[in-house]
Amino acid sequence: MSVEDLLFAKTHEWVRVSEADGGKLATLGISAFAVEALTDLVFLELPEVGRQVSAGDSFGEIESVKAVSDIYSPVSGEVVEVNDELPNKLELFNDDPYGAGWIAKIRMTDEADLAALLSPADYEKLCAEEAM
Amino acid sequence: MVAMSTVMRETPLHEWHAANGGRMVDFAGWSMPVQYTSIVDEHHATRRQAGLFDISHMGRLRFDGSGAGPLLDSLLTRRVDNLKVGQVRYSLMTNESGGILDDVLVYRVAERDGAGEHHLLVVNASNREKIVAWIEQHLAADTTVDAKMTDLTFDWAMIAVQGPVAVELAGEFVDVDPAAMKYYTVTPTIVGLESGAKLDALVSRTGYTGEDGVELIVPSEWAAELWQELLDRGASRGATPVGLGARDTLRLEAAMPLYGHELDEAISPQQAGLDFAVNLTRGRGGPPRDFPGADVMRGLVDDATLPRRVGLVADGGRAPREHCPVLFDGKVVGEVTSGTHSPTLGHPIAMAYVAPQAAAVGTDVVVDVRGRQLPARVAELPFYTREH
């Protein structure tokens, strides 16, 4: 999976947009930077399938030994699928954050949401700043 | 616009931490490493081999003079008058209402040349300034007392070496045999470095991890050299630098209270389950002791109506965290003070204060974790006891 076709939220989620049923489908997860920063993951709460979310909504939780973090939906729409095997295979976040480590798929209702997201290069800059 | 900036204090090892992957965070005004690699890996290294901890941020107060022992005895909940030279004791400092100002270690230390002695008080970083002011206030109240306090926090560094190979590793650096030292004892020693430097130091068989180990107090300017040599020589035996993240999970498994979480000025030692750290008399049936809050505590000894410190265990991955309400029979009966996912046990553990009716071991309770009802059970403390 290429990172180049991804968009990133400032809150460290990634999105891959594809065409489906004449609309846009957003597959999302959390970035390798976020996984690295969290380390020691112990728990994931997936969003519920069928849930309507707005961009910026907290719709899941990821917990490490140290702390709990919200997962925010980068886009608005309906959660149509979640990665059911992920809560029991948290190592996928480390092994393949942009592939097998995907969290949910959302049928988008507003393509304009994508304009607020960062390119891989801009996201990398953000991470470099945060890591300082 | 005037830029507001808070200058954080740095230990003598700060540069090493920053250059070696330490994720630096603000802890009680100090820039400290929370982890270098992974909290879980650092935790396991301490339980299985050896963890090295920079604990230079803790306050180190030295007391000299013939009145030093009596002064400390008058301020600490445990007796200092019968502390033997070379002994270390866990104690509390309480205020006039019996609330806990800090939990401390008091050391009675022989001078290395055998001439004379002094006392040392190691206090929490978050409380150092408060405790210094508290003691100064008592010193000022009676200027005839022959006791002098010196805050040596910045002159000395402190390194904890903890875990099954810790005593052996640290023993290679000192001119005494720490394996022959009893737990909770301290001895002056010379630390020898590869550069040939010889440091006046203290070694104590103490720690905050639930493992065997030692703590070394050395002059600040040599801390980085000693730290690096401990790591170099210990690397083949699994010695690992450990940050405050794993220090917290280790102490939590060992059910050691942390000031600001399990202890504060509104909590009595009895509620905290620290009755052992309170001597209201000099020996059983002996004369009553006087220290701030002693009279309040005399009335509290049999007070079983207050919330008690308990341990909680749960299943799954979601851990009870600080401030989560604890429910029993549908009613809030207490609050979590510390919680995490236990790396050793593989399930969530927590400490909480709960009302007596829910405090018995085995009681089924519910923890409200951000709106989710997590079933939990009151468990025996500590969660972890070392076998060796």
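Kindly indicate the residue of segment B:237-287 that is farther than 28 Å from B:Leu72 by Cβ and polar (S, T, N, Q) and also surrounded by the most Cβ atoms within 10 Å (Cβ to Cβ) among those meeting that condition.
B:Thr249
Among the residues of segment A:70-85, write down those that are open to solvent by 60 Å² or more (accessible area, probe 1.4 Å) and hydroxyl-bearing (Ser, Thr, Tyr).
A:Tyr72
Give, as residue ranges, the strands (runs of 3 or more DSSP E) completely inside segment B:75-151 that count at least 1 residues that are aromatic (Phe, Trp, Tyr). Lay out the reasoning, then the answer.
On the way: elements: B:88-94, B:100-110, B:117-123, B:148-151.
In segment B:75-151, the matching strands (runs of 3 or more DSSP E) lie at B:88-94, B:100-110.
Go through (1) surrounded by 20 or more Cβ atoms within 10 Å (Cβ to Cβ); (2) within 14 Å of chain B (Cβ to nearest Cβ) for A:Ala67 and report which single condition fails.
Of (1) surrounded by 20 or more Cβ atoms within 10 Å (Cβ to Cβ); (2) within 14 Å of chain B (Cβ to nearest Cβ), only one is false for A:Ala67: (1).
Checking the conditions here, which among A:Ala104, A:Ala131 is within 14 Å of chain B (Cβ to nearest Cβ) and of a type outside the set (Lys, Arg)? Explain how you work it out, then say what you get.
On the way: A:Ala104 fails: within 14 Å of chain B (Cβ to nearest Cβ).
So the residue among A:Ala104, A:Ala131 that is within 14 Å of chain B (Cβ to nearest Cβ) and of a type outside the set (Lys, Arg) is A:Ala131.
This table checks each residue for (1) within 14 Å of chain B (Cβ to nearest Cβ); (2) touching a Phe, Trp or Tyr at 6+ places or on another chain (Cβ under 7 Å); (3) among the basic types (Lys, Arg).
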{"position": "A:Thr27", "(1), (2), (3)": "no, yes, no"}
{"position": "A:Thr39", "(1), (2), (3)": "yes, no, no"}
{"position": "A:Val42", "(1), (2), (3)": "yes, no, no"}
{"position": "A:Gly50", "(1), (2), (3)": "no, no, no"}
{"position": "A:Ala55", "(1), (2), (3)": "no, no, no"}
{"position": "A:Ser73", "(1), (2), (3)": "no, yes, no"}
{"position": "A:Ser76", "(1), (2), (3)": "no, no, no"}
{"position": "A:Asn83", "(1), (2), (3)": "no, yes, no"}
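Conditions first: (1) crowded, with 17+ Cβ neighbours inside 10 Å; (2) under 15 Å from the mean Cα position of the chain (by Cα); (3) not acidic (Asp, Glu). A:Val3 passes all but one, so which condition is the exception?
With respect to (1) crowded, with 17+ Cβ neighbours inside 10 Å; (2) under 15 Å from the mean Cα position of the chain (by Cα); (3) not acidic (Asp, Glu), A:Val3 is out only on (1).
Looking only at segment B:186-207, count every residue that is free of Cβ contacts under 8 Å to residues at least 12 places away in the same chain and open to solvent by less than 20 Å² (accessible area, probe 1.4 Å) and tell me the total.
0
With the requirement that a residue be away from chain A (no Cβ under 14 Å) and open to solvent by 20 Å² or more (accessible area, probe 1.4 Å), what does segment B:314-332 give you? Give the steps one after another, and end with the answer.
In the first step, residues of segment B:314-332 are kept if they are away from chain A (no Cβ under 14 Å); the result is B:325-332.
Correct list: B:Pro325, B:Leu327, B:Phe328, B:Asp329, B:Gly330, B:Lys331, B:Val332.
So which residues in segment B:279-307 are at pLDDT 95 or above and closer than 24 Å to B:Ala379 by Cα?
none
Need the failing condition index for B:Pro188 against (1) under 15 Å from the mean Cα position of the chain (by Cα); (2) more than 22 Å from B:Thr46 (Cα to Cα); (3) of a type outside the set (Val, Ile, Thr), just the number.
(1)
Could you list, in sequence order, the residues of segment A:35-81 that are of a type in the set (A, V, I, L, M), more than 30 Å from B:Val34 (Cβ to Cβ) and touching a strand residue (DSSP E or B) at 6+ places or on another chain (Cβ under 7 Å)? Talk me through it step by step, then tell me what you get.
So the first thing to find is which residues in segment A:35-81 are of a type in the set (A, V, I, L, M), and the list is A:35, A:37-38, A:41-42, A:44, A:46, A:49, A:53, A:55, A:62, A:65, A:67-68, A:71, A:75, A:79-80.
Checking which are more than 30 Å from B:Val34 (Cβ to Cβ) leaves us with A:49, A:53, A:55, A:75, A:79-80.
The answer is A:Val49, A:Val53, A:Val75, A:Val79, A:Val80.
Would a scan of segment A:95-102 turn up a residue that is touching a residue at least 60 places away in the same chain (Cβ under 8 Å), closer than 16 Å to A:Phe8 by Cβ and among the small types (Gly, Ala, Ser)?
yes
Identify, please: which residue in segment B:225-266 is among the acidic types (Asp, Glu) and outside any loop (DSSP other than H, G, I, E, B) and is, among those, nearest to the chain's Cα centre (by Cα)?
Initial filter on segment B:225-266 (among the acidic types (Asp, Glu)): B:225, B:229, B:232, B:248, B:253, B:262, B:264-265.
From what is left, the residues that are outside any loop (DSSP other than H, G, I, E, B) are B:225, B:229, B:232, B:248, B:253.
Working: B:Glu225: 25, B:Glu229: 25, B:Asp232: 26, B:Asp248: 10, B:Glu253: 14 Å.
Checked segment B:225-266; the qualifying residue nearest to the chain's Cα centre (by Cα) is B:Asp248.
Mind listing whichever residues of segment B:87-140 are among the acidic types (Asp, Glu) and farther than 23 Å from B:Ala272 by Cβ?
Passing the criteria: B:Glu111, B:Asp113, B:Glu117, B:Glu136.
How many of the residues making up segment B:338-348 are within 11 Å of another protein chain (Cβ to nearest Cβ) and either closer than 16 Å to B:Val326 by Cβ or open to solvent by less than 10 Å² (accessible area, probe 1.4 Å) (or both)?
Of the residues in segment B:338-348, 4 are within 11 Å of another protein chain (Cβ to nearest Cβ) and either closer than 16 Å to B:Val326 by Cβ or open to solvent by less than 10 Å² (accessible area, probe 1.4 Å) (or both).
Here's a check for you: in segment B:170-185, which residue that is in a helix (DSSP H, G or I) and over 19 Å from B:Ala235 (Cβ atoms) is least open to solvent (accessible area, probe 1.4 Å)?
In this case the residue turns out to be B:Pro178.
With the structure loaded, tell me whether B:Ala314 is among the hydrophobic types (A, V, I, L, M, F, W, C) and over 30 Å from A:Val42 (Cα atoms) or whether it fails that test. Working first, answer last.
Details: among the hydrophobic types (A, V, I, L, M, F, W, C): yes; over 30 Å from A:Val42 (Cα atoms): no.
In short, no.
Please state which one of B:Val34, B:Val25, B:Val104, B:Val80 is within 14 Å of chain A (Cβ to nearest Cβ), in contact (Cβ under 8 Å) with a residue 12 or more places away in the chain and in contact with a Leu (Cβ under 7 Å, 6 or more places away or on another chain).
Criteria check complete, one pass: B:Val34.
The values are calculated or read from the model by the stated rules, or taken from the named source; none is laboratory data. Small disclaimer: the values here were computed from a predicted structure and weren't measured. For neighbour counting, all protein chains shown are included, and Cβ atoms are generated from backbone atoms with ideal geometry for every residue, glycine included. When the accessible area is computed, the model is the full protein with side chains, heavy atoms only, and any ligands, DNA or RNA have been set aside. Shrake-Rupley method; radii C 1.70, N 1.55, O 1.52, S 1.80 Å.
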